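What follows is calculated from the coordinates using simple rules that are stated; it is not laboratory data. Everything numeric here is computed off the predicted structure, so don't read it as measured data. Positions of Cβ are generated from backbone atoms using ideal geometry, with glycine treated the same way; all protein chains shown enter the neighbour counts.
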């Protein structure tokens, strides 16, 4: 069984800074903690990746940390981002992620190879990533419903002819679905 270690994000990954990575990792740990889980929880992934991952983290989630994240919806989105980035790093050839502009219909542009530290030229874009999180699925808010919503949303960048990965993470079970279009 493969492991996803949230602590990797604290060291930064191309182009996610150490501080942003720590923020994302903490959000994922909080969502899993709020759902009753501890480090070592199993995440069932389906779709273009069908595998179970052990999710680990070293930070102790205290009441003070929970109180600093009093918006579960926000924590869920950032926590899903942490897991999506780690999953794509682990299971694809994408090596760096550049945040897309708000309103682009996607969250990140995906790159391969070595990141040069410069703005990502359009020719260097190799894929697109749209992420969503659900703290606890309901009849009106399921993983499949969210995937369909994100597929429509990502069409704004379909003119690029680049593959788009849609990752939806549900924390109460915990599970994720990854679709590639």
Worksheet item: Taking R0 as 30 Å, what's the FRET efficiency between residue 18 and residue 51 from their Cβ-Cβ distance, rounded to 0.05?
Response: 0.65
Worksheet item: Taking only Cα atoms, what is the 0 to 90° angle, nearest 10, from helix 18-34's long axis to the longest principal axis of the chain?
Response: 50 degrees
Worksheet item: By how many degrees, between 0 and 90 and to the nearest 10, does the Cα long axis of helix 72-91 differ from the longest principal axis of the chain?
Response: 60 degrees
Practice prompt. Can you tell me which of 74-80, 112-118, 154-160 comes out highest on packing, and rank the rest after it, using the mean Cβ neighbours within 10 Å?
Written response: 74-80, 154-160, 112-118
Discussion item. If you average the alpha carbon positions of the range 115-149 and of the range 48-91, how far apart do those two centres end up, in angstrom?
Written reply: 15 Å
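Kindly rank 11-17, 88-94 from highest to lowest mean number of other beta carbons found within 10 Å of each residue. Kindly include the intermediate steps, with their values, before the conclusion.
Numbers: 11-17: 15.7, 88-94: 17.3.
The densest-packed peptide leads the list: 88-94, 11-17.
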Worksheet entry | Rg/Rg_globular for the range 58-122, with Rg_globular taken as 2.2 N^0.38 Å and Rg from C-alpha atoms | 1.41
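Can you give the extra length, in nm with one decimal, that the chain gains between residue 95 and residue 68 once fully stretched, where that is 0.36 nm per residue apart less the Cα-Cα distance?
Numbers: separation 27, 0.36 × 27 = 9.72 nm, distance 3.11 nm.
Fully extending the segment from residue 95 to residue 68 adds 6.6 nm.
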Item to complete: For the chain, find the longest principal axis of its Cα atoms and tell me its angle to the long axis of helix 143-154, 0 to 90°, nearest 10.
Response: 30 degrees
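Suppose we keep just the DSSP beta bridges with both residues in the chain; what percent of those would be antiparallel, to 5? Don't jump to the answer; show the numbers that get you there.
Values: 20 of 35 bridges.
Antiparallel bridges make up about 55 percent of those DSSP assigns within the chain.
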Discussion item. Using 0.36 nm times the number of residues separating residue 158 and residue 44, minus their current alpha carbon distance, what extension gain do you get?
Written reply: 38.2 nm
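Any idea what the alpha-carbon Rg over 2.2 N^0.38 Å comes to for the range 117-181? Show your work: numbers first, answer last.
Numbers: Rg = 13.8 Å, N = 65, 2.2 N^0.38 = 10.7 Å.
Cα-based Rg divided by the globular estimate yields 1.29.
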Discussion item. Once each part is reduced to its C-alpha centroid, what is the distance from the range 6-26 to the range 157-176 in angstrom?
Written reply: 20 Å
Worksheet item: Counting only the backbone N, which residues of the range 56-85 are under 11 Å from the spot 7 Å out from the Cα of residue 1 toward its beta-carbon?
Response: 56
